[in-house]
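The values are calculated or read from the model by the stated rules, or taken from the named source; none is laboratory data. Predicted model, so just to flag it, every value in this text is computed and none were measured. Ideal geometry is used to build each Cβ from the backbone, glycine not excepted, and the neighbour counts take in all protein chains shown.
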Amino acid sequence: MRHSASLTFDQIMGPDVKIGILQTGHAPDDILKDMGDYDAMFARLLDGHGFTYVTYDVVDGLFPEGVDACDGYIITGSKHGAYEALPWIAPLEQFIRDVYADGRPMVGICFGHQIIAQAMGGTVEKFENGWAVGRTDYEIEGAPVTLYAWHQDQVTAVPETAQVVGGNAFCENAALLYGDRIFTVQPHPEHTPDFVSRLIETRGPGVVPDPLLDAAKSHVNAPVHNQLLADRMAAFLKRGA
């Protein structure tokens, strides 16, 4: 279990905007030592946007003291399901509702997308048609976007407070906007080709059907629009929505 500590990255420049990273899982051990945990991936993704970070390992029961602890929040991906009866799920849902009520910006990615929807009255389920893995095409906020996906769970019922702003035929509710307060996406802009390749090797076999893993591996190095989503996230967290 990690102590909640400020992670200030030397390369960050500009105004001091403090972002709390609510870490809802950890990278696999054999990837962690080489690439860092999920918080480091988001720091790299958002490099240059003038943020400093505090990581809260909510998966280990470590939460901010209050919503005013940071200027905005990111909720990461996780191997867990939003519907699982885990001791940190209900407190996280309440914290999400508190942040929404307070009006501070929040961004959710994959599990973050799902748990926010569930906290706000939506439904998350294992999708009956299976997995999305690897480079995946979406339309998000009117633009064609290709990002890495790694999920079977989906938001199947959208909260009343949310607007669907992105998706595809397989995942209709892949991006949600809750006014100017919360922006969430199902795919992973923080994933890199190396990270996805390692997931295919370590987390995929025996869980994800082999044909999907083979297809994902075959085009893992083709271009994706991570930077486009990074800029959108940064603008949103700076109240530039």
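For region 120-138, the condition holds for no residue, the condition being that it is at pLDDT 95 or above, under 23 Å from A230 (Cβ atoms) and outside any strand (DSSP E or B).
Residues that are surrounded by fewer than 15 Cβ atoms within 10 Å (Cβ to Cβ) and either under 19 Å from the mean Cα position of the chain (by Cα) or more than 10 Å from G134 (Cβ to Cβ) (or both) within region 215-230 comprise N221, P223, Q227, listed in sequence order.
Out of everything in region 69-79 that is assigned to a strand (DSSP E or B) and buried (at least 23 other Cβ atoms within 10 Å of the Cβ), what residue ends up being farthest from the chain's Cα centre (by Cα)? Filtering first and then ranking leaves Y73.
If the condition is being farther than 19 Å from M120 by Cα, in contact with a Pro (Cβ under 8 Å, 6 or more places away or on another chain) and among the small types (G, A, S), then region 34-92 contributes G50, G61. Summed over region 27-52, the residues that are surrounded by 19 or more Cβ atoms within 10 Å (Cβ to Cβ) and among the hydroxyl-bearing types (S, T, Y) give a count of 1.
The set of residues in region 150-193 that are farther than 14 Å from F111 by Cβ, among the acidic types (D, E) and either modelled with pLDDT of 95 or more or part of a strand (DSSP E or B) (or both) comprises E160, E172.
Pairs are defined by a Cβ separation below 9 Å, a sequence spacing of at least 6 or placement on different chains, a first member in region 167-189 that is among the basic types (K, R), and a second member that is crowded, with 24+ Cβ neighbours inside 10 Å and part of a strand (DSSP E or B); the pairs so defined are R181/M106. Looking only at region 44-68, filter to residues that are out of contact with any strand residue (DSSP E or B) (no Cβ under 6 Å at 6 or more places or on another chain), not basic (K, R) and not in a loop (DSSP other than H, G, I, E, B); which one of those is farthest from I116 (Cα to Cα)? Among residues in region 44-68 that are out of contact with any strand residue (DSSP E or B) (no Cβ under 6 Å at 6 or more places or on another chain), not basic (K, R) and not in a loop (DSSP other than H, G, I, E, B), the one farthest from I116 (Cα to Cα) is L45. Number of residues in region 107-119 that are part of a strand (DSSP E or B) and of a type in the set (A, V, I, L, M): the value is 2.
When V165 is tested against (1) touching a Leu at 6+ places or on another chain (Cβ under 8 Å); (2) farther than 22 Å from D231 by Cβ; (3) not acidic (D, E), only condition (2) is not met.
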